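Worksheet for the structure shown next.
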Amino acid sequence: MEGKISKIISGWRSESIWIRRGETIESVDDIPKGIYIIKTGIVKLDFACTGHTHLVSLIGQDSFFGLNCLYSYKNLFSYAAFTDVAFSFISQESAKSEEHNYCSYAGYLDVSYLKQKVIDDSHANSEGRIVNFLTLVDKVSKNQWVRITRKEIAEFSNCGREHASRILLQLEKNGLISIDGHQLKTHSIALALKRKRSSK
């Protein structure tokens, strides 16, 4: 369904905007300012629960969010730029003027991204959580270098920085990832095999 919706909204009146890495795009409980279609870069979705913020998913090129603006529903997640991101942005006013072209998909909201959750702290050790997170990065990075620090990986994977560094070093030695300073590239085939083995 997402592909069909993307084709519909891609024809709506839009403008190009850029968001820098680390900047908040939309906050939880706010009504979206409009619909964002990702042209380049990666966006992270966070969900606040019991006083903690949890990474829900990463989304990349051609994905979109903000459909809630059509109905003035609040955001279920917060959205931030994981890398520098370029968008086609459709304002709420423009989106509502096109709403008649969208009525068949009125039930499709951002809650669909809950199904993309990859990291599950209750069923994986530290290495498993890091591999799960890197698999998520691999899914949206399209074999490109991604700017990310070891500290950020540790935080996303809910483990200590030094422990994360040791795990990343071992993953690099095993050919699963490449690290160059604060840049990282995943190797999807090897990473998929590693994830399959760790799940047994």
Checklist outcome for this item: Amide H contacts under 5 Å for Thr40, restricted to residues at least 5 apart in sequence or on another chain and with H modeled in the peptide plane, are Ala86
Checklist outcome for this item: Non-local residues with an amide H under 5 Å from the amide H of Gln183, with H modelled 1.01 Å from N and Pro and chain starts lacking one, are Ile148
Checklist entry - Between Tyr71 and Arg20, 0.36 nm times their residue separation minus their Cα-Cα distance comes to what? => result 15.6 nm
Next on the checklist: Between Asn125 and Asn174, how high is the FRET efficiency from 1/(1 + (r/R0)^6) when r is the Cβ-Cβ distance and R₀ = 22 Å? Nearest 0.05.
Outcome noted: 0.85
Checklist entry - What are the ³J(HN,Hα) values, in whole Hz, obtained from phi via the Karplus relation 6.51 cos²θ - 1.76 cosθ + 1.60 with θ = phi - 60°, for each residue of the range 84-93 in sequence order, with x given for Gly and Pro? => result 4, 10, 10, 10, 9, 10, 10, 5, 4, 4
Checklist outcome for this item: Footprinting proxy, Trp18, Trp12, Trp145: sorted fewest to most Cβ within 10 Å, the residues are Trp18, Trp145, Trp12
Checklist entry - Of Lys142/Lys173; Lys39/Lys139; Lys139/Lys185; Lys39/Lys185; Lys33/Lys96, which ones are farther than 18 Å apart at the Cα? => result Lys142/Lys173; Lys39/Lys185
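Report the full-extension gain for the segment Glu155 to Gln61: residue separation times 0.36 nm, less the Cα-Cα distance, to one decimal in nm.
Computed gain between Glu155 and Gln61 is 31.4 nm.
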Checklist entry - Which loop trypsin sites (Lys or Arg not before Pro) in the range 130-190, with loop taken from DSSP, have no more than 13 other Cβ atoms within 10 angstrom of their Cβ? => result Lys142
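Every number here is computed from the coordinates shown, using simple stated rules; none is lab data. Just so you know, these numbers come straight off a predicted model, no measurement behind them. Quick reminder, even Gly has a Cβ in these numbers, built from the backbone with ideal geometry, and neighbours come from all protein chains shown.
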